[in-house]
Amino acid sequence: SQTIHQWPATLVQPVGSPLSLECTVEGTSNPNLYWYRQAAGRGLQLLFYSVGIGQISSEVPQNLSASRPQDRQFILSSKKLLLSDSGFYLCAWSVTQNTEAFFGQGTRLTVV
Amino acid sequence: AQSVAQPEDQVNVAEGNPLTVKCTYSVSGNPYLFWYVQYPNRGLQFLLKYITGDNLVKGSYGFEAEFNKSQTSFHLKKPSALVSDSALYFCAVRDPFTGNTGKLIFGQGTTLQVKP
């Protein structure tokens, strides 16, 4: 069966520090991968998506970047965090466009 | 532009009563529609989806939703609410014309509060 792992669960980082959040998927090949951010426990904003290794599309201009070094690995990064980067980050995957997306358990990032 | 609206920030129901969480959408073509539930500090859990076929779809935990093309709605329903159903519910739409990206557009979420 397929599973998605996202870590860490919580993270407190000072302003200006780097960031690396990792997401891996098991049990499937060539998934579409996504990073979402959820602010204030409400709506989700799509940050990045990837349809294959090395293929990254950014949905909104921001301080973050994403990379997909392996088929089932998706990394969210920043060189220098801002206070506004605080939020709940969710990784997700799907296989085809008529199937549901499956989400990781999320990372609560607090920038102080 | 594609969009999803959940007009109610919060829905309050008594345990045992039927519940409805509303969702309307705006996409080009025939949409793919989804409902998810989120418990505090957790990821989203898939409940059900409409792709094609019967307008009434049944999902996990006794939930169902009805696709209404003329009203561009996809309301989530359950005949008898449980206290454990209290959570944040998200409606999402996928525009079939976005190719193979599979991007989901989410509504702002509706908090369901079921009181004993």
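The values are calculated or read from the model by the stated rules, or taken from the named source; none is laboratory data. Computed from a predicted structure; not experimentally measured. When we count neighbours, we look across all protein chains shown, and the Cβ atoms used for this are built from the backbone with ideal geometry, even at glycine. The protein model used for the area step is the full one, side chains on, heavy atoms only, and it has no ligands, DNA or RNA in it. Shrake-Rupley method; radii C 1.70, N 1.55, O 1.52, S 1.80 Å.
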- prompt: Is there a residue in the range B:77-96 that is facing another protein chain (nearest Cβ under 8 Å), more than 19 Å from A:LEU90 (Cα to Cα) and exposed (fewer than 13 other Cβ atoms within 10 Å of the Cβ)?
  reply: no
query: Within the range A:49-58, is even one residue in contact (Cβ under 8 Å) with a residue 24 or more places away in the chain, of a type in the set (Phe, Trp, Tyr) and closer than 16 Å to B:LYS103 by Cα?
result: no
query: Among B:THR72, B:THR20, which is among the polar types (S, T, N, Q), in contact (Cβ under 8 Å) with a residue 12 or more places away in the chain, away from every other protein chain (no Cβ under 14 Å) and touching a His at 6+ places or on another chain (Cβ under 9 Å)?
result: B:THR20
message: Can you pull out every residue in the range B:1-21 that is of a type in the set (Asp, Glu) and exposed (fewer than 12 other Cβ atoms within 10 Å of the Cβ)?
response: B:ASP9
query: Hey, among A:LEU83, A:LEU76, A:LEU64, A:LEU90, which residue is over 25 Å from B:PRO31 (Cβ atoms) and touching a residue at least 60 places away in the same chain (Cβ under 8 Å)?
result: A:LEU83
- prompt: Looking at (1) among the hydroxyl-bearing types (Ser, Thr, Tyr); (2) open to solvent by 70 Å² or more (accessible area, probe 1.4 Å); (3) within 11 Å of the chain's Cα centre (by Cα), which is the only condition A:SER1 fails?
  reply: (3)
- request: Of the numbered conditions (1) surrounded by fewer than 21 Cβ atoms within 10 Å (Cβ to Cβ); (2) within 10 Å of chain B (Cβ to nearest Cβ); (3) not in a strand (DSSP E or B), A:ASN30 fails exactly one; give the number of that condition.
  value: (2)
- prompt: Is there a residue in the range B:56-69 that is open to solvent by 60 Å² or more (accessible area, probe 1.4 Å), within 14 Å of another protein chain (Cβ to nearest Cβ) and in contact with a strand residue (DSSP E or B) (Cβ under 8 Å, 6 or more places away or on another chain)?
  reply: no
- prompt: Which of the residues that make up the range B:97-116 are away from chain A (no Cβ under 12 Å) and open to solvent by less than 50 Å² (accessible area, probe 1.4 Å)?
  reply: B:LEU112, B:VAL114
statement: Residue count, the range A:60-92, condition touching a Lys or Arg at 6+ places or on another chain (Cβ under 8 Å) and not polar (S, T, N, Q), comes to 6
task: Among residues belonging to the range A:56-70 that are in a loop (DSSP other than H, G, I, E, B) and open to solvent by 70 Å² or more (accessible area, probe 1.4 Å), point out the one that is farthest from the other protein chains (Cβ to nearest Cβ).
output: A:PRO61
message: Looking at the structure I just gave you, is A:ILE53 away from chain B (no Cβ under 14 Å), surrounded by 13 or more Cβ atoms within 10 Å (Cβ to Cβ), among the β-branched types (Val, Ile, Thr) and more than 16 Å from A:VAL112 (Cα to Cα)?
response: yes
- prompt: When the residues of the range A:71-112 are filtered to those that are open to solvent by less than 10 Å² (accessible area, probe 1.4 Å), within 8 Å of another protein chain (Cβ to nearest Cβ) and not in a strand (DSSP E or B), which remaining residue is farthest from B:TYR39 (Cα to Cα)?
  reply: A:ALA101
- prompt: How many of the residues making up the range B:10-58 are at pLDDT below 95 and assigned to a loop (DSSP other than H, G, I, E, B)?
  reply: 15
- prompt: Does B:LYS58 satisfy the condition of being free of Cβ contacts under 8 Å to residues at least 24 places away in the same chain and touching an Asp or Glu at 6+ places or on another chain (Cβ under 6 Å)?
  reply: yes
